[in-house]
1. Among all helices in chain D defined by DSSP H, which have a length of 15 Å or more along the axis from Cα atoms plus a Kyte-Doolittle mean of at least 0.5?
2. Quick check: pseudo-label points 7 Å beyond the Cα along Cα→Cβ at D:D99 and D:N120, how many nm apart are they?
3. Measuring from a point 7 Å past the Cα of B:E71 along Cα-to-C-beta, which residues in region C:9-46 have an amide N at less than 15 Å?
4. Based on alpha-carbon centroids, what's the gap between region A:303-349 and region D:105-161 in Å, whole number please?
5. Sort C:K299, C:K9 so that the residue with the fewest other Cβ atoms within 10 Å of its own Cβ comes first and the one with the most comes last.
6. Inside 10 Å of the C-beta atoms of B:101-107, what's the mean count of C-beta atoms belonging to other chains?
7. Ignore the peptide's own chain and count Cβ atoms of other chains within 10 Å of each Cβ in C:98-106; give me the average, rounded.
8. If one takes the longest principal axis of the Cα atoms in chain C, at what angle in degrees, from 0 to 90 and to the nearest 10, does the Cα axis of helix C:208-220 lie?
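Throughout, read-outs are computed from the coordinates displayed, never taken from laboratory work. Small disclaimer: the values here were computed from a predicted structure and weren't measured. Glycine gets a Cβ as well: all are built from the backbone with ideal geometry, and neighbour counts include every protein chain shown.
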Amino acid sequence: MAQEKMLTGCAAAARGAQLAEVEVVCSYPIRPYTAIMMELAKMVANGELNAEFIHGEGEHAQVSVVLGAAAAGARAFTGSSGVGVTYAMEVYSPMSGGRYPVQMAIADRSLDPPGDFGSEHTDAMSTRGQGWILGWASSPQEILDNTLIAYRVGEDKRVMLPQMTCQDGYFLSHIADKVSVPDISQVREFLPPFKAHNPLSLTCPVSHGPQIRPDQGAPMDAQRAATFFDVPKVIEEATADFNRIFKRNYDPFLEKYKTEDADIAFLIQGAHANTCRKVVDALRKQGVKAGMARPRWIIPWPTHQIAEALGHVKALGVVETSTCYGGSMRGGNLAPEVRASLYDLDERPLVTSFMAGLGGETIWPEEFHHMAKVLTQMIKDKRASQYSYWVGFEG
Amino acid sequence: MAKKLPEYGSVNVPKDREVPFGAITPAPVKTQDLFMTSNWRVVRPVIDHEKCTRCLTCYMACPDACWVYNEKDDKMDWIAGFCKGCQICIHDCPVNAISAVPELDFEDGVVRLEKPF
Amino acid sequence: MNVDYKFQKLEPAKSFKAINRAEMYVPGHRTCAGCGPALNYRLVAKAAGPDTIFIGPTGCMYVANASYLCTPYAVSWIHAQITNGGAVASGIEAAFKTLARKKKYDGPFPNIIVMAGDGGSVDIGLQAMSAMMYRNHKVLFICYDNESYANTGIQTSPTTPYGANTTFTPPGKEIPEGKVLFPKYVPQMVIGGHPAVKYVATTSVAHPLDLTNKVRKALTYECPTFLHMLAPCPKGWKFDEKLTREMAKLAVETGMWSLFEWENGVYKYQNVPKTYKPIAEYMKNQGRFSHLKPEHIAKMQAFVDERIANVKANTAIPIPTPSSRS
Amino acid sequence: MAKVNEITVWVRGVLQDKEGRDVMNAFGQALAKEGKFTQMFDNYEDLPDRVLVPLRKYVRYSDAELEHKYLYTNDHPEIVVIMEPTIVKGMNILKGMPDGGILFVNTNRPADYILKFIPNADVLGAVATVDCFGISGVQTVDFSGSEGGVDAAGLGAGIAAPMVGAMARITNLVKKETLAGIVKDVSAMERGYNEVKFQKLKKFHTMSSQHGG
C-alpha cells in the first residue's frame, strides 16, 4: 500500500531510486542535491537497498562510474548540481552514444561565478543536445514519480537513453511536502528489471565504443536523432501506465492550467509554477483571463503540444529560469524554442520572455502580476516591444 | 489552429550505412579479418626450420601474433595475412633462423586492398 | 554480508609453452609495425585469459586497435574517455558485485583490466586511477608506458624523459634539449598513496615470462593492483621498428627502467644488471635524443644514477610494512 | 567548371610520411609557381599514421580556382606516385585512374617486374621508374609538418627530390628550374630528372596533351 510521508525533494528522489531498486549508485557532494546521496547512503548502510554505493571523486567520475555499471548490465543512478553538472560534460555524449540508460538526479544550482547556492536551471539546460532525456518536476511527489517514469522511458528498448530528472534546488530539494510513496509491488508492475543491450560479458564478448570513420559518424547521429522521434510515444505510454497504476493524473508532456480560454499565459518549468498557478487564480478573480503551461520534459521538446495548447492565446510570457547570454532573444533558453514551436501557426501569440528566478531568487507573486501587465500591454500594442525583460532590472 | 503543423520528419539510414546500436560490435574470435595488414610488409621473415630450435622467442616477440607453434609438425608457422614485416622476430631470434627477404621478391602474397584499412 | 564473488586464481606459468596458447588480442589491428604497446597488450591479454574485461581509455591502444567498428579484442572491451578509465572500471566492478549479490550473475568474477597509456593513467587519467585504487575496487590498472602522447603525433607526457624531442618539446635555439622536465616516478606515486593496493610491479616487453606472471599475480589479488609496463614506441622514440624489444632490454640494462615487484611493502627486483651500461647506449639508437649535447646526456646519466641508487637502497633495506598492509 | 587534375602519392607510414608530404608540397608548390591553382593535403583518415602502413598524400591542380576543396580523397588520379614499391602488392593503387594515366615508382627494379603485380595496369599510358633510394637514400622522420603543422625540416632533402625531378621530366607539368628553387637537394632532383626510366604503354595515345615524355 502507498504510504503518505512528508519528504523533501532530495528525499523523494532517493525514495524513487530505492523503489527503482538501483544497483550501482555513485555520489559526490555538492549542494543542494547532496541529501539525495545522504539518503541512499543510509539505505545501503541499513540494508534497505542492495546496491554498490561508490564515492566518486568528482562528477566526471560519477557519470563515468555509472556508465561502466550500465555497460555491465546494472541499473545505475547518480546526480549533481550546478558546476558539478557541467564538470561531467565530457561523459554525457558517450553515455547517450553508447545507449546506457542511467539516471542522474539534478537539484538545480546556479553556475559560478562566484559561488551561489541558489537554484537556476542553467546547469542542466547546458546539457541539452547531448542526447539525454531532460525533465523537470514541480513538487516532491512529481520528483519521485519522474524518477520511475524516466527509468521506464529510458530503459525502453526503443529508447535506451540516459535521463536527467531535475528539481529546483532549495525550493524543492529542501522544502518538505506530502508525498505518496508507492508500494514496491506496484513499482515492479510499472518498471520491469533493466535489460542491457549487449552488456560486457564473459560468455558473449563484445566491444563497446570502437572508433568510427566520419562516414560512420553521420549515421550514428541520425540513429540517435531518430530515437528521439520515438521517445514521445514511449513517454505517453509510460505516463498512461503510471497514471493507471498509481492513480495520478499527469499530462505526459505539458501541464495545462486554465489555458483553454486564456488571453495571456505563462510558460514556466519547475517549482515556480506553483506560485504562478496562484497568480493565475488571482488574475482570473480580477477578470484577466490568464493561464499557465508547464513542460514536464524539455528534451524531447513538446513542440506540437505547445502549439496546440498555447496557439490561441494573445500574449505569451515565457518565464526563463536559465540564461543564454547573447542568444537570439538576449535572455534564456526556452523562449527561442517556444517561438519556434509557434512559428507555423497562421495566427500565433505575441511572445516575450521574462528573466526571473535566476541565481536562486524567489519569483514573487507581484513579479508575476507585473509580467501579466506587460503581456496585457502587448495585446493593446499588438506587438512585443522587447524580446526579454530582466525582471527587477528593467531599464 | 488553422493549418496542420509540420511533423518532426523522419530519419532513414540506408542499410549499407547502418551502424550497430550503440556502436557495440561482437568480439573477433581468432583473427580480425576485416583488418588484414599483410600489405604493410616490405620485408618478409623467412624461417629456416633446420636452424629453428622452437624456443618460441618469435612467438612471444610478435606484436601481431604471426608466429604460431605447430605441435603436429613440430615447427613454427608464419601467419602471412597479418605480418607487418617489423622484423622483431628476425632481430631477436637467438639462432638467426629467420632472415629478411624483400617482399617484392615473392610473387605470392598479393592482396591489393581498395583502402589502406 | 559474506558473498562468494568467485574471484579467479591464476597460477604462474613456468615457461613460454605453459602460457595460454589462444590469442585474446588477435591479429588485425592498425598499430605500428613493431608496436611495443601492441605486443604488451597481446602478452597481457594472453596472461589474463578469456574471463576478462578490458577498459580502454583513449590513446593508441584505442584508436589504432578499435578502428572503424572492428576490434582485435577477443574478450569484452569498452572504450573509456582518456580521463576516466579508473572510474568506468569501478562502475563495471561494482555492477558485477551487485549482480552477483542479487544472483543475477553467477559466473567467475571477471578480470577487470584498465589498459591506459601514460596520459590516461598518470596525467589526465590520474584522478580516476587514484580514486579507483583508494576505493579498493578489484581492478588491475595498467599504465602501458610509451612515454608520450603518441596517438596525437608524439607530444610530451609526464613520463616523457628529459631531453626527448616531441612535437610539444621541439629542441630549438632557446631550448636546446627539447624537454627540460624530468618524468614522474609512476610506481612510487601509486605505492606511496594507496593503502588498498597490495601489489605493484613493473614489466617490459623484452621480458615476457616475467610480464606474464606479474599480470597473473596482480589479477589474483582481491584488491586494486597496478602494473607499470614499459612499451617502447618506434614512432615516438624514432628507432628502427625491429628494435622494440632491444630498446626495452637496453632500458633495463642501463637503469633507465628497473623491473621489480612491490608486494605488501617489500620490493623485489628482477634482472638487475651487475654493471649498468651507460645511458648513452640506450639513447644513441633513438632519434628523439639525437639532438642532445654531451652535457644533456650527463644530466640524464645523473638522473638515472639516482634511480639506480634507489634500487640499491630498496634491495638492501625493505620498506617496513605498516600493519594495515599485511 | 575547369578540370581538376589529381596526383596521389603513396608512401609508408612514419618512415616516409615526411617524404611523401615533400613530394606533394614540392610538386604542388612548383605547379602553383607556374600559375596553377593547387591544393596539397594528407589523407586525413590515414592519420595518425603508423609505422609501415600505406599512406596517401594528394595534390589537386587546375587552371582555375578549385571550386570544391572539402574532399577526403582523390578518386580519379591521373598521376600515381609510389615511394615504396612493395605497396603495389598491397593496394589497388590505380583505383579510379582514367585511361592514359602515369605511374611513377621509386624502384631499381625493371618496370615490367612491378607491372606484373598490377592486373589493372592496362589503364596506364606510361610507367616511369626512378631509383630514389639509390640517388638520395635519405628518409627523414620528422613530425613538424604533420597534422597541419608547418614543416621545419626543409623541403626535398631526401628521396622526394629525385622523385619530383622525375615527375617534372615525364609530365612536363613543371620546369626543373622551378623545382630547383624549392627543393633542398637540387642535385638529387636533377639526377631524378636525368635518370628516370620511361616506358610508353597501351593507353599512351589517350594521355592528355600536357603530358609529354
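1. D:160-171
2. 1.6 nm
3. C:16-23
4. 61 Å
5. Ordered from fewest to most neighbouring Cβ atoms within 10 Å, C:K299, C:K9 come out as C:K9, C:K299.
6. Mean inter-chain Cβ contacts per residue within 10 Å come to 4.
7. The shielding value for this peptide is 5.
8. Approximately 40 degrees, to the nearest 10.
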